[in-house]
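The values are calculated or read from the model by the stated rules, or taken from the named source; none is laboratory data. Keep in mind it's a predicted model, so treat the numbers as computed, not measured. All Cβ positions, even for glycine, are placed from backbone atoms using ideal geometry, and neighbour counts span all protein chains on display. Surface areas here come from the heavy atoms of the whole protein model, side chains and all, with no ligands, DNA or RNA. Shrake-Rupley method; radii C 1.70, N 1.55, O 1.52, S 1.80 Å.
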Amino acid sequence: PPLFLARVPKDLTPDLDVARKKRAFILMMLPHILAVNEEIRAERRRIEDIRSRMNDPIGPSPSEIDWLFATLERYGVEGFDLDTLLARVDVIPPSLAIAQAAKESGWGGSRFARAGNAMYGQWTWDPNHKGIVPSKRTSGRTHRVRAFDSLLAATRAYAININTHPAYGRLREIRRDRRAKGDQATG
């Protein structure tokens, strides 16, 4: 059942039975990942709907166009390239998100996960973002591990990262190509 936890439970400790810890971790993260994917699907449907009405006599409303430009900006798409936007506004394979969260957070046991819901190991240099200074950060470095108010906020930020960062460009290409063939991308 979809159970949304705001934080990593305190009893998800390193000494917990490994099988129980992994199961608890997956049950904790999966609802957040599925909810974010539903948000992305809704956003994608809205883009497709607006796009389908671009050449209609009435066309999209000014508020829809404003929303579309804000979405292009949020996803780092230059110009009015809706093909690129749709390649970015797409779901994250749940198995990929769970695997990355497990690796980056030590199955929820890392200091960053416990103190700041930092499940995906995202770094930040932005002073406006909450962050946790790594204890072994090299002198002169300024990055922090990005902290979040909730697991849902962390998962939303992760999805934006996957869908915008150049390091994940190949993943987006594979996902786009699979979608074009009627398949879904997998972890």
If I model a spin label at ILE65 and GLU39 as a point 7 Å from the Cα along the Cα→Cβ vector, what separation in nanometres do I get? 2.8 nm
Considering only C-alpha atoms, what is the centroid distance from the range 147-181 to the range 69-98, in Å? 8 Å
Does the range 1-146 come out rounded, prolate or oblate, given a ≥ b ≥ c as the square roots of the eigenvalues of its C-alpha gyration tensor, rounded meaning a/c under 1.5 and, failing that, prolate meaning a/b above b/c? oblate
Angle check, please: helix 151-164 long axis (alpha carbons) against the longest principal axis of the chain (alpha carbons), in degrees 0 to 90, nearest 10. 50 degrees
Can you compute 3J(HN,Hα) from phi for each residue in the range 50-66, using the Karplus curve 6.51 cos²θ - 1.76 cosθ + 1.60 with θ = phi - 60°, rounded to whole Hz and x for Gly and Pro? 4, 4, 5, 9, 4, 9, 5, x, 8, x, x, 6, x, 5, 5, 5, 4
Which value, in Å², gives the accessible area per residue of the chain when a 1.4 Å probe is used on the protein heavy atoms? 58 Å²
Helix axis angle, 94-105 relative to the chain longest principal axis, alpha carbon, degrees: 40 degrees
Which percent of the accessible heavy-atom area of the range 65-187 goes to carbon and sulfur, probe 1.4 angstrom? 51 percent
Using a 10 angstrom cutoff on alpha carbons, build the Gaussian network for the chain and name the most mobile of ARG46, ARG156, ARG88. ARG46
Which value at 222 nm does the chain reach when only helices count, each DSSP H run of 4 or more adding -39,500 (n - 2.57), with the total divided by all residues and rounded to the nearest 500 deg cm²/dmol? -17000 deg cm²/dmol
Once you keep just the Cα pairs under 8 angstrom separated by 6 or more residues, what percentage relative contact order results for the range 61-178? 23 percent
If I build a Gaussian network model for the chain, linking alpha-carbon pairs within less than 10 angstrom, which residue out of ILE92, ILE40, ILE132 has the largest mean-square fluctuation? ILE132
Residue farthest toward the positive end of the dipole of the range 20-165, with Cβ of Lys/Arg at +1 and Asp/Glu at -1: which of ALA147, GLY106, HIS129? GLY106
Added length on full extension, which subtracts the Cα-Cα distance from 0.36 nm per residue, ALA167 to TRP123: 14.5 nm
Using only the Cα atoms of the range 82-163, construct the convex hull and provide its projected area averaged over every direction, in square nanometres to one decimal. 6.3 nm²
Under-5 Å amide H pairs with ASN117, H placed in peptide plane, nonlocal only: VAL8, PHE148
Candidates VAL145, VAL77, VAL89; GNM for the chain (alpha-carbon contacts under 10 Å) flags as most fluctuating VAL77
When every protein chain stays in place and a 1.4 Å probe is rolled, TRP125, TRP107, TRP67 sorted by accessible area with the largest first are TRP125, TRP107, TRP67
Each residue of the range 123-134 in order: what ³J(HN,Hα) in whole Hz does its phi give by Karplus 6.51 cos²θ - 1.76 cosθ + 1.60, θ = phi - 60°, with x for Gly and Pro? 9, 9, 10, 7, x, 7, 8, 5, x, 10, 6, x
Taking R0 as 35 Å, what FRET efficiency do you get between ALA180 and LYS10 from their Cβ-Cβ distance, rounded to the nearest 0.05? 0.20
Other-chain or far-sequence residues with amide H under 5 Å of LYS130's (modelled H): ALA147
